[in-house]
Amino acid sequence: MIIVNLKAYSNAVGEKSEDVMEACRRASEVTGKRVVVAPQPEDLLRAEDVEVFAQHVDGVNPGSHTGSVLARGLKEAGATGTLINHSERRLQDRDIEASVNAAKSLGLETIVCAQSPDDCEKYSRFDPDYIAFEPPELIGGDNPVSEAKPGLIQEAVERTEADVLTGAGIKSKKDVEKSIELGCEGVLVASGVVKANDKYAEVKELCEGL
Ligand code: G3P
């Protein structure tokens, strides 16, 4: 699977998120590979015929929680899963667990992000569907994790009970192939797609590496 995280990039929010989502939809249709997009929460409802995940969910029940992101709201907006504890939206361990439980109670798929193999092992006990290993110093750069840290990816896979994804600096078919070779089920990517001139061509290339 390829997860395309739109983060809060100005050329991937609001109306502009629709172009990226359409590029992902087409690439998935043409290659037959699973492509999931994670837009800003207010853009979830813009998705058409493409799988969407949230970028974050809070582990709280409906009630007096101003500013919280509810699993129920995400589900009603069409999300089928959610990222949790992304490097740019980190949570305390107890909140990661609460977020995983809130999402799972409504049948949302869960991807807990981890910065190290130690964290991968630790977060396994929360029983998410996936753990995504992303070394924070490589995020947004041009040095793909698959080239820079193959040993750590392997260690993350060995120490994790859930299926493992990896991300940070992934931009090419070769990066995806290497990640799969190291034992991952897929990759998370953001800047490689969001900043590409031809977003469809970029997502299609990534799919071809699966
Ligand atoms: O969530 C994906 C991410 O953190 C990786 O970002 O820009 O290095 O592909 P990027």
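What follows draws every value from the coordinates through simple rules; no lab data is involved. All figures in this text were calculated on a predicted structure; none of them were measured in a lab. Cβ sites come from the backbone with ideal geometry, for glycine too, and all protein chains shown count toward neighbours.
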A chain fully extended from Ala148 to Glu29 at 0.36 nm per residue, minus the present Cα-Cα distance, gains in nm 39.7 nm
Excluding residues on the same chain fewer than 8 positions from Lys204, give the aspartates and glutamates whose Cα lies under 16 Å from its Cα. Asp19, Glu22, Glu29, Glu51, Asp175, Glu177
When only DSSP loop residues count, what GluC sites (Glu not before Pro) in the range 38-70 have their Cβ near at most 13 other Cβ atoms within 10 Å? Glu48
What does the charge dipole of the range 2-208 about its Cα centre add up to, to the nearest 20 debye, if the Cβ of each Lys and Arg holds +1 and the Cβ of each Asp and Glu holds -1? 220 debye
Restricting to Cα pairs below 8 Å that are 6+ residues apart, what does the relative contact order work out to for the chain? Please round to a whole percent. 20 percent
Loop-located trypsin sites (Lys or Arg not before Pro) in the range 104-184, at most 13 other Cβ atoms within 10 Å (DSSP): Arg125
Of Lys33/Lys122; Lys104/Lys199; Lys7/Lys104; Lys75/Lys195; Lys16/Lys195, which pairs sit farther than 20 Å apart, going by alpha carbon to alpha carbon? Lys33/Lys122; Lys104/Lys199; Lys7/Lys104; Lys75/Lys195
Would you look at the GNM of the chain, springs on alpha carbons closer than 10 Å, and say which of Gly14, Gly32, Gly169 moves the most? Gly32
May I ask you to sort Asp175, Asp163 by Cβ crowding, counting other Cβ atoms within 10 Å and putting the fewest first? Asp163, Asp175
Mean ellipticity per residue at 222 nm, deg cm²/dmol - from DSSP H runs of n ≥ 4 across the chain, formula -39500 (n - 2.57): -11000 deg cm²/dmol
Highest-fluctuation residue, Glu121, Glu76, Glu185 considered, GNM on the chain with Cα pairs under 10 Å: Glu76
Taking R0 as 30 Å, what FRET efficiency do you get between Ala77 and Asn101 from their Cβ-Cβ distance, rounded to the nearest 0.05? 0.90
Taking just the alpha carbons, could you work out the radius of gyration and Dmax for the chain, both in angstroms? 15.8, 47
